[in-house]
Each structure stands twice: as structure tokens, then as C-alpha cells.
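All remarks here apply to the structure that follows.
The values are calculated or read from the model by the stated rules, or taken from the named source; none is laboratory data. Model, not experiment: these values are computed from the prediction. Here the Cβ is made from the backbone with ideal geometry for all residues, glycine too, and neighbour counts use every protein chain on show. Note: accessible area is taken over every heavy atom of the protein model, side chains too, but ligands, DNA and RNA are not part of it. Shrake-Rupley method; radii C 1.70, N 1.55, O 1.52, S 1.80 Å.
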Amino acid sequence: MSSETSAPGTSPRAPRPGTQRGSAAATKKAERAAKEKPVTSLPPVVDEEPKNPEEYQCTGILETDFAELCVRSGYTDFPKVVIRPRTHSTFVPSASMLEKPGLEEQQQQQQQRLSGSCSLNSVESKYVFFRPTIQVELEQEDPKSVKEIYIRGWRVEDRILGIFSRCLPSLSQLQAINFWNVGLTDKTLTTFVALLPLCSSTLRKVSLEGNPLPGQSYHKLLGQDSTIAHLSLRNNNIDDHGAQLLGQALSTLHSCNKTLVSLNLSFNHIGDEGAGYIADGLRLNRSLLWLSLAHNHIQDQGALKLAEVLRPFELTHIEVVERRRLLLEKGTQERLRSSPSSSRHADFKGERDKAQTSGINSVALSDKPDKMLTIKLPRSLSKKKEKSGEVVKKEEKSGSGQSPTQGTFKKEDSSKAGKGKVSAPEQKPPKGKGTKTGNKERRSILLESELVSETTEMVNPLLEPVVHRDGKVYMPGNRVLLHLNLLRNRITEVGLEGFLTAVQYQVQFAKPKGVVKGPMGLLCLSLAKNYFSPQCPAYIMIQELMMSRDPISKAKPREEETVAFSL
């Protein structure tokens, strides 16, 4: 009985050690497989192509380059490059649609709409708008060239910006980048700023709307090497600290942005203090033409600061000291240009001026080579082959022994020395016997005057003509800004008085006696929807003054006149 009972008891116990060994081996294999799973789950890479994305050569086609770089970076699902849909598409109904359908046809159409709305394709088509995409606008002449890039509503990480830094520089016609609500951070903004110099020189417009940053580091977009002409920073929660950084980027005492043309700061949290910082940036900035501060928290104090910049304002002590330093530096540069080491003409002119001031006769100039003397000779004398000794002798003679040509030579020389004109033959010594004077010389003088006028337009604002009054120095206001938008702020009639004074000055300045090239002052000022009545006398007066300056309002009467004349 014991053997029979033990047999059934021992038979199930016999395979237990084997099963434990088998289960332990299985668990070890499972753990080993789990460890190796992340490595094998990566997307397979073809052996012929390298894994490193830096070795890929971009072709200039954004769709191909972006997809290839994403795959090489390990992305299995990435945004697609699509053409931006046009919102102004027109709908032309057909003749069959103009006919009213019957009752049965209406019921059939309603059933088709109900059945179609429940289909999977219709649901996917409705949600395709929310999928992450890179929308692009292409050039009409070259359909493969990307002109603008739009990214909306999905997070752009640092890895994606790294891919952009590889494929965007190959776009030779790229003009604008628009990032709306892409979750930028201060770190990714720094990466984006480093990406901009790599792009084509045609990139002039950047829009970063709906991307609030804790560090308010938007001023990095306006560095000294920045080529951005149009910048939009709407709805970014920019406060007074951010406005301070932006105002310093516009201009300081020793630096100034010279490329930015338009700046949109609407729908932010800028108050009086921030408006004052922006006004400080406009004191010495002479490139910004369009500024929007609409939908902010600006009150009368900030409005008065902005209005003060648009009319003659007093220079601070630091600005006066910097102005004196610039004047001294300018004087030393002019003296260096007229130094003997600059040119042969400078040698001759410097000694001639010294001779005139000290009363020395023109005989002292005979030490110069005959080439320098033949520069100022008229045609009758320049054609003759004369030695330097003969020229000196003719100059030493005086009275009745002089010929008419010699007398006119001295008159011309003295008049030219007094006026200080510089001609092209004086700058470049002649190769032959002499130079011909006449139309070419006059043309060269005109060209030099045009060059001087162009360089004076780019002068430092601190070197502009100033007015000294009551021991203070007043500089002309900013007459470059053409458009200022302060819609929907908190400005009252007190701030309006400041803008009225500024507009009256701008209107008075914009009446030149002749044809003047350059800025003409403020042309558009938006102050509606603030804390004052539309029937306020100051507001009505500002509107009347600006109506005469607004080019759009001026164009309407002209169009009406042409229509009436044609009728």
C-alpha cells in the first residue's frame, strides 16, 4: 500500500525541478528582451545612408529635406509640409445649382449630408486642420521656391529648430517666418535667433505671436547683426521690463538698430513705464517707421513721453557730453583727411591754405612737381609743353607783363581756394600733359555734392542741428516715425494735449520751401477707443490736422476728381 500510495505522490513531484528551471530561464529571456527592446524599436536605417543628419546635403526643397532630416533624427511621426490654403477663394455657382430642387431632391440631399457626416473620411477631414503641419507659400514664378513659412498651434522643440537650421538656409527665396502659439521658451528663442543669420538675406519678416516668455528676451531679435525689417510680437504678455529691453535694443547712447522698419507690440501689458522706455528708444532711432502699441495699458504719463519725442526735446547731460565727443571726433577725422599723407591734392591744398593765411606769395608753391601745377592750368596753358622753371617764372611776373590767360588763372585759383571746392582731376593726378576742364569737371563737382548729401542723411542724430535756449540744448524730434497706433489704451484729455502739440509741430515741419528728400514726419496717428470723448476739442483738432497729412485720405478726393472729370 505504501508503494502504491507513494507512486502517485512522487509522480507529480518529479517534474517540478525541471519546470522551475524552465520558468527561470524564461524570465531571464524576458528580462533580456525587455532590455534590448528600446534599441530594436528604433526606426530601421538603411545601411547605405549614414545615421548622422549633418552628413545630408539639403536640396533646397523643404518638403524633401525636412522629411529626410526628421527620419535621420529618429522621428517616426513628424509634421508634413503643405501649401497654405487660400482664404479668399471665390465660389461661382453653376446653372444647375441656381434652380431650386424639389422636395424629394431636398430629402435626398439631407440624407446624404447625414450619412456623410458619420463617415470616417468626413471626421478625418474635419480634424485635419488641427494636425501639426508646416504651411508654406511658394513663389509664383518658381513653384518650388518657398517664400513664407507658417507654423501654428503645435510645439516647436529644440530638436525641430535644429532641423530647421539645416534645411532653411538652403531656401534662397525665403522672406518671412511666422510662428503662432508654438510654445517658444527663452532657450528655444536663443536657438531661433542663432538660426536667422544662417538664412538667406531675403528673410526680412519675423512674426512670433502668442509666445509669452518668462525672461522677456525678445530684444535678442534686434541685435546689431539683425537683418529683420518687420517684427510682430503681439499677444506675448510683454510687460514694462520687456518694453525696457526692447527700447534699449532700438537705441542707446552708443548703439542703434538700423534695420527694423515696423514693430507690432499690440495686445500686451505695457504701461506708462514701458511706454517711457519705448520713447527713450525713439530718441536716437532713425529707422523705425511703423509702431503699434494698441490694446495696452498706457495712460497719460506714457502718452506724454511718446508725444515728447515727436517734437523738439531737451538733451540730457550725458547726451550733451556724447554730442561734444562726436563733434571732436568728426573734427579730427576731417583734419586727418586734409593731412599730407592722405593724397597729393591734400598736400597742395594744405600748403596753399597756409600760404594764404600767412601772406606768403604763391612762389613758395613752386617746389611742387609740375604735375601738381598743371592740374589747375586752363586749356590754353595745359596744352603747351612747358618746364617747371618756366611756369615758376610766369607766376613770378606781375603787372603789365602778364597775359590775360595768366590773370584769369590767378583769379580762378584764389576763388577756388576760398570756396574750397574739390574737383575730380585734383583727386586723381593726370597721366598725360594736363587735364581738360569744363563739363566733366562740373559733373564731378555735382557728383561729389550728391555724395555729401547722402552721407549727411545717415549722420548720428546727436550731430543734427540743435537749438540753444536758456542754457539748454534742444534737438529736433523724431521726424522719421510715420505711423503710431495707440488704439484702446487708457489715455485721457491730458495726454491728448501733448499729442496735439506734437502734431502741430509735425505739420509745421512738413511744409518745405522746396523739394526735400527724406522723412516727412508723422502721417498717421490712431488714438480712438481711449478714455476721452470722441467730441473732445483736442481730439477733433488732431483728426483735422492728420486728415490733411494722411496719404490714404488724400488719394480718395483725387480718385473722385478723376471720376468726375471722366464723366
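What the table below lists for this structure:
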{"read-out": "Subset of segment 306-352 [open to solvent by less than 60 Å² (accessible area, probe 1.4 Å), modelled with pLDDT under 55 and not aliphatic (A, V, I, L, M)]", "value": "Ser342, Ser343, His345, Asp347, Phe348, Lys349, Gly350, Arg352"}
{"read-out": "Close pairs from segment 272-291: first assigned to a helix (DSSP H, G or I), partner among the acidic types (Asp, Glu) and modelled with pLDDT under 95, Cβ under 7 Å, at least 6 apart", "value": "none"}
{"read-out": "Subset of segment 66-85 (residues that are aliphatic (A, V, I, L, M) and open to solvent by less than 40 Å² (accessible area, probe 1.4 Å))", "value": "Ala67, Leu69, Val81"}
{"read-out": "Residue under evaluation Leu245, criteria (1) surrounded by fewer than 22 Cβ atoms within 10 Å (Cβ to Cβ); (2) part of a loop (DSSP other than H, G, I, E, B), criterion not met", "value": "(2)"}
{"read-out": "Top-ranked residue of segment 249-270 - restricted to ones that are among the small types (Gly, Ala, Ser) and within 18 Å of Gly223 (Cβ to Cβ), ranked as surrounded by the most Cβ atoms within 10 Å (Cβ to Cβ)", "value": "Ala249"}
